[in-house]
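Accompanying notes for the structure given below.
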Amino acid sequence: QVQLVESGGGLVQPGGSLRLSCAASVNIFSINTMGWYRQAPGNQRELVATITTSGGGTNYADSVKGRFIISRDISKNTMYLRMNSLKPDDTAVYYCYAATVWGDYWGQGTQVTVSS
């Protein structure tokens, strides 16, 4: 069983920044791809960004390109999402995702609220 533990969510004003973290309970090299998804009330869960754990290749949703940065620290088995220039439309529950050699896993989610 793979556990993914997110942290770093909270309330921030428009234009502010937050950094989300996702710590995996297994060696990160057991994970092919990690990513962040988000779900706002009344909306479907949507892709925010993904990163391959080996080469570090990244992919972003158009809505966050240029504002969000996904990264990983292999030594800590942890993935990050640096969110800059936050907008009210970024308000959602953010979920960590991992595609591993044993299957796909999700974190419990962390709330991000962008409001003045």
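Miscellaneous remarks
- When the charge dipole of the chain is built from unit charges on Cβ atoms (+1 for Lys and Arg, -1 for Asp and Glu) and taken about the Cα centre, the candidate among Tyr80, Gly103, Leu4 whose Cα reaches farthest toward its positive end is Tyr80.
- Each Lys or Arg adds one and each Asp or Glu subtracts one; over the other residues with Cβ under 12 Å from the Cβ of Ile31, this totals 0.
- In a fully extended conformation the segment linking Thr52 and Asp73 would gain 6.4 nm over its present Cα-Cα distance, using 0.36 nm per residue.
- Karplus (6.51, -1.76, 1.60) ³J(HN,Hα), θ = phi - 60°, over the stretch 53-63, in Hz, Gly and Pro reported as x: 6, 7, x, x, x, 10, 8, 10, 5, 4, 5
- With R₀ set to 30 Å, the beta-carbon distance separating Asp62 from Asn27 gives a calculated FRET efficiency near 0.40.
- Per-pair calculated FRET efficiency, R0 = 25 Å: Arg82 and Gln3 via Cβ, rounded to 0.05: 0.65
- Distance in nm between pseudo-label sites at Ser17 and Trp102 (7 Å out along the Cβ direction from Cα): 3.5
The numbers here are math on the coordinates, done by the rules we state, and not lab data. Source: prediction; values computed, not measured. Glycine gets a Cβ as well: all are built from the backbone with ideal geometry, and neighbour counts include every protein chain shown.
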